[in-house]
Amino acid sequence: MKKPHHLFELFWVFFKIGAVTFGGGLAMMPIMRKEVVETKGWVDDDDILKILVISESTPGVFAVNAATFIGYKIQGFWGSLVATLGVIIPSLMTISIISFFILQFKALTLVQYAFYGIQAAVALLIFKAALKLSKKIHFDAFAWILLIASILFATFTNISVLWLLLIGAILGIVYGMIENIRGAKA
Amino acid sequence: MILELLQLAWIFFKIGLFTFGGGYAMIPLMESELVSRGLIDVNMLYDFIGIAESTPGPIAINMATFIGNEAMVQYGFLARIFGSIVMTTAVALPSFIVILLIATLGSKFLESKFVQEAFKGLKPTVIGLILSVSFGLIVRLVFPMISFENLLFDFSIFQFRNLVILIILVLLTVFYKKLSPITLILVGAMLSMIVYSVWS
């Protein structure tokens, strides 16, 4: 595997990736792969696959997960720090600029109209994201019960989502234990 | 000011730490942690999400930058920039630490039974949370006075224009499955400009 000539080269590659990807972390992956595997030859496809698998079972921002992991593979701790900063800074700059103008912008009547449609589109995008995630799991009775309970509690109560997630995880572990005991008896 | 900033940073750190399943999975957490504590108005949150989706970069980072800036709005230019940097760092830090630990120590423990089982419970819960958020948003667009979490079923205001926009967008996504998020948002924006201008 090759190494970047300088940490700045690493930063610049991830900066470009952060600046051109729309639609979040997973959309970033093909571009990231092309840059760091094909063009630069810093890591191989095996590493790309590894971070995809790891991200499935770790929390956090996917783009940051990928940048941290690949940066580390390339240049250790400083590599991970520089790659992460690279992927974050374009957002920080773009959104900061927008933030300073958003209020004036939103004072326009036509823009206010536009935001009703934007919210409607966002609602559908969120719904589609849920459908996409649901294709990744196997729906047995346990999963259905959790799904329905989670919808009901999130919709009709003020219980913090953090608690619901924690309870979901604990129930998963408890269910696994029960399955194990039943498996041992059978 | 510093105290406010730290309190908000702690919330974003928790959001970063408890997000499983990508940027959209963060939205229920943001609604629960930011809106119900009165730190941001619910309409503002979803307007931001619309913008975060149509600008480059990870949606979570975009949102943290936005809200960090917004929270410091009364303290001036430098404070707003500082707020953005702090929030963005806070939301990215859990990812950075967890992945750095895995990169140095290996990912063996992820394959442990415990973690796998926890995920068996986490995944359906996350999907339920995301669905609940999208239902909530759709209902609020059409019947703004309804508040499910306070068990307030008030149908007195009916936004038929939003219903029309929603139906057209649903039909669009059903017939054009490949529509990118930005295209859908832009179409939504144009559509509602037209609908509201005609029916104002």
Determine the sum of side-chain charges near residue A:137: Lys and Arg each +1, Asp and Glu each -1, restricted to other residues whose C-beta is under 12 angstrom from that of residue A:137.
+3
Going through the DSSP H helices of chain A, which span 15 Å or more along their own axis at the Cα atoms while scoring at least 1.6 as a mean Kyte-Doolittle hydropathy?
A:7-20, A:141-156
Once every DSSP H run of n ≥ 4 in the protein assembly as shown is given -39500 (n - 2.57) and the sum is divided by its residues, what mean residue ellipticity at 222 nm do you get, rounded to the nearest 500 deg cm²/dmol?
-25500 deg cm²/dmol
Work out the mean other chain Cβ neighbour count within 10 Å for the residues of B:179-187 and drop it here as an integer.
5
Expected sort for B:48, A:156 with the fewest Cβ neighbours (10 Å cutoff) up front is A:156, B:48
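Which whole number gives the average, over all residues in A:168-181, of C-beta atoms from other chains lying within 10 Å of the residue C-beta?
Per residue, the number of nearby Cβ atoms from other chains is 5 on average.
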Per the Kirkwood definition applied to all pairs of different Cα atoms, how many angstroms is the hydrodynamic radius of the range B:68-200?
19.7
Averaged over peptide A:81-91, how many Cβ atoms belonging to another chain are found within 10 Å of each residue's Cβ?
5
With the crude spin-label approximation of a point 7 Å out along Cα→Cβ, what separation in nm comes out for residue A:157 versus residue B:73?
3.3
Pull out a ≥ b ≥ c, the square roots of the eigenvalues of the alpha-carbon gyration tensor of chain A, then state rounded if a/c is under 1.5, prolate if not and a/b is larger than b/c, and oblate in the remaining case.
oblate
Residue span residue A:106 to residue A:170: 0.36 nm per residue of separation minus Cα-Cα distance leaves a gain in nm of 18.7 nm
Ranked A:150, B:107, criterion: other C-beta atoms within 10 Å, fewest first
B:107, A:150
In debye to the nearest 20, how big a dipole does the range A:1-113 give about its Cα centre with +1 on each Lys and Arg Cβ and -1 on each Asp and Glu Cβ?
240
Modelled label-to-label distance, residue B:176 and residue B:7, 7 Å Cα→beta-carbon offset: nm?
4.5
Using a 10 Å cut-off around each Cβ, can you sort B:75, A:175, A:72 from fewest to most neighbouring Cβ atoms?
B:75, A:175, A:72
Starting from the Kirkwood Rh over alpha-carbon pairs, what translational D in µm² s⁻¹ does the protein assembly as shown have by Stokes-Einstein at 4 °C and 1.567 mPa s?
60
Here the convex hull volume per residue of the range A:137-186, taken over Cα atoms and given in Å³, is 78
What residue among B:110, B:68, B:126 has its Cα farthest toward the positive end of the dipole of chain B, where the charges are +1 on Lys, Arg and -1 on Asp, Glu, each on the Cβ?
B:110
What is the calculated FRET efficiency for residue A:184 to residue A:9, with r their C-beta to C-beta distance and R₀ = 56 Å, to the nearest 0.05?
0.50
Mind checking the angle between helix B:77-105 and chain B's longest principal axis? C-alpha axes, 0 to 90 degrees, to the nearest 10.
50
Quick check on my link table: of A:135/B:178; A:50/B:177; A:50/B:108; B:14/B:120, which ones sit more than 24 Å apart, alpha carbon to alpha carbon?
A:50/B:177
Quick one: Cα centre-to-centre distance for the range B:61-139 and the range B:150-194, in angstrom?
27
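We did not get these values from a lab; they are worked out from the coordinates using the rules stated. Since we're looking at a predicted model, the values are computed, not measured. Cβ coordinates were reconstructed from backbone atoms using ideal geometry, including for glycine residues, and neighbour counts include every protein chain displayed.
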